[in-house]
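Engineer: Provided herewith is a single structure, encoded as structure tokens, for subsequent inquiry.
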Amino acid sequence: MENMNLGADVKPTNYTINVRGQLIDLSHPLVMGIMNVTPDSFFAGSRVQTEEAIRQRAHQIMAEGAKIIDVGACSTRPGGEVVSADEEMRRLAFALPIIRDAEPDAILSIDTFRASIAKRTIEEFGADIINDVEEGKDPNMFPSVAELGAPYILMSTAANLHDMLIDFSREVQELRALGQKDIILDPGFGFGKGAVDGNYTLLSVMERLQVMELPILVGISRKRMIHQLLGITAAESLNGTTVLNTISLMKGANILRVHDVRPAVEAVRIVEAMRQNAEQ
């Protein structure tokens, strides 16, 4: 592959998703704030378990400018414990009503790899989006999300862009055949790419995912590709995260999934201002 111009600015794909009848414009990048209702997610700052902590985190995410709250109840960090479906659902059943009461206008995304969880959270708790971190490995996931009609985030664990595009093409075709309308692609930084090199190789050509003509979500916040490269900890990785989020925006990201909302919102505003002034 030829190297792309890393200084080039690639606008995000012009796309809208239907969230319970409301059209959400993704041509202007949005920020998704992470809320982990778990005791063991890799970044301690995202973990909340009490009613008051959940409520305060929901308020913080929205006050800092996010439009989406991504709620996870089963850690997917390397070496993390995969809890049972019953425990994952118990945590979500506790948290989701609190979040919805605290921030009724928030778009709620559920970070799960289980079709049964996707179905219950949408039907019983009013969740809006399913964020699947295992690329449809649950055989019931694709049929379930298509039946539910909710936007679906499809994450790739492929090691390189070539394999990713092949997988995405096949999976999107499967989803379309089932009637799934809104699909968001997540290149899966930190999943199956190697600790550092594979992730940066992918980031350098990420704009090529736009050939799929679907919106792109980037979840790069405080990941090992930052702190292992820089010799720091996840807690010290905010600056590196902001740098990579800015690069991702300039390579066409439509959604940034982050632990730290305000810096990501500021990155979006800066990149959008640059684009607006470049067009004048």
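Engineer: Collect the residues in segment 116-137 that are more than 21 Å from Gly219 (Cα to Cα) and surrounded by fewer than 21 Cβ atoms within 10 Å (Cβ to Cβ), keeping them in residue-number order.
Structural biologist: Result: Ser116, Lys119, Arg120, Glu123, Glu124, Phe125, Gly126.
Engineer: If the requirement is being touching a Gly at 6+ places or on another chain (Cβ under 8 Å), surrounded by fewer than 16 Cβ atoms within 10 Å (Cβ to Cβ) and either modelled with pLDDT of 95 or more or not aromatic (Phe, Trp, Tyr) (or both), which of these qualifies: Asp40, Asp25, Asp70?
Structural biologist: When all the criteria are applied, what remains is Asp40.
Engineer: While we're here: Contact list please: Cβ distance under 7 Å, first residue in segment 19-34 and at positive phi, second residue modelled with pLDDT of 95 or more, pairs at least six apart or on different chains.
Structural biologist: Arg20/Asp128
Engineer: Among (1) buried (at least 16 other Cβ atoms within 10 Å of the Cβ); (2) more than 25 Å from Ser144 (Cα to Cα); (3) at pLDDT 95 or above; (4) among the hydrophobic types (A, V, I, L, M, F, W, C), which single condition is Ile255 missing?
Structural biologist: Of everything listed in (1) buried (at least 16 other Cβ atoms within 10 Å of the Cβ); (2) more than 25 Å from Ser144 (Cα to Cα); (3) at pLDDT 95 or above; (4) among the hydrophobic types (A, V, I, L, M, F, W, C), Ile255 misses just condition (2).
Engineer: Looking for something surrounded by fewer than 20 Cβ atoms within 10 Å (Cβ to Cβ) and in a loop (DSSP other than H, G, I, E, B) - is there at least one such residue anywhere in segment 161-176?
Structural biologist: No: segment 161-176 contains no residue that is surrounded by fewer than 20 Cβ atoms within 10 Å (Cβ to Cβ) and in a loop (DSSP other than H, G, I, E, B).
Engineer: Which ranges mark the strands (runs of 3 or more DSSP E) fully within segment 67-140 that have 2 or more residues being over 19 Å from Pro187 (Cβ atoms) and hydrophobic (A, V, I, L, M, F, W, C)?
Structural biologist: Ranges flagged: 68-72, 107-112.
Engineer: Considering only segment 190-239, state which residues are assigned to a helix (DSSP H, G or I), of a type in the set (Lys, Arg) and modelled with pLDDT under 95.
Structural biologist: If the condition is that a residue be assigned to a helix (DSSP H, G or I), of a type in the set (Lys, Arg) and modelled with pLDDT under 95, then Arg224 is the only one that fits.
Engineer: I'm trying to understand the selection: among the residues of segment 1-21, which are within 30 Å of Arg91 (Cα to Cα) and either among the aliphatic types (A, V, I, L, M) or at pLDDT below 95 (or both)?
Structural biologist: Once the filter is applied, which keeps residues that are within 30 Å of Arg91 (Cα to Cα) and either among the aliphatic types (A, V, I, L, M) or at pLDDT below 95 (or both), segment 1-21 yields Ile17, Val19, Arg20, Gly21.
The values are calculated or read from the model by the stated rules, or taken from the named source; none is laboratory data. Note that this is a predicted model, so its numbers are computed, not measured. Methodologically, a virtual Cβ is constructed for each residue, glycine included, from the backbone with ideal geometry; neighbour enumeration extends over all protein chains shown.
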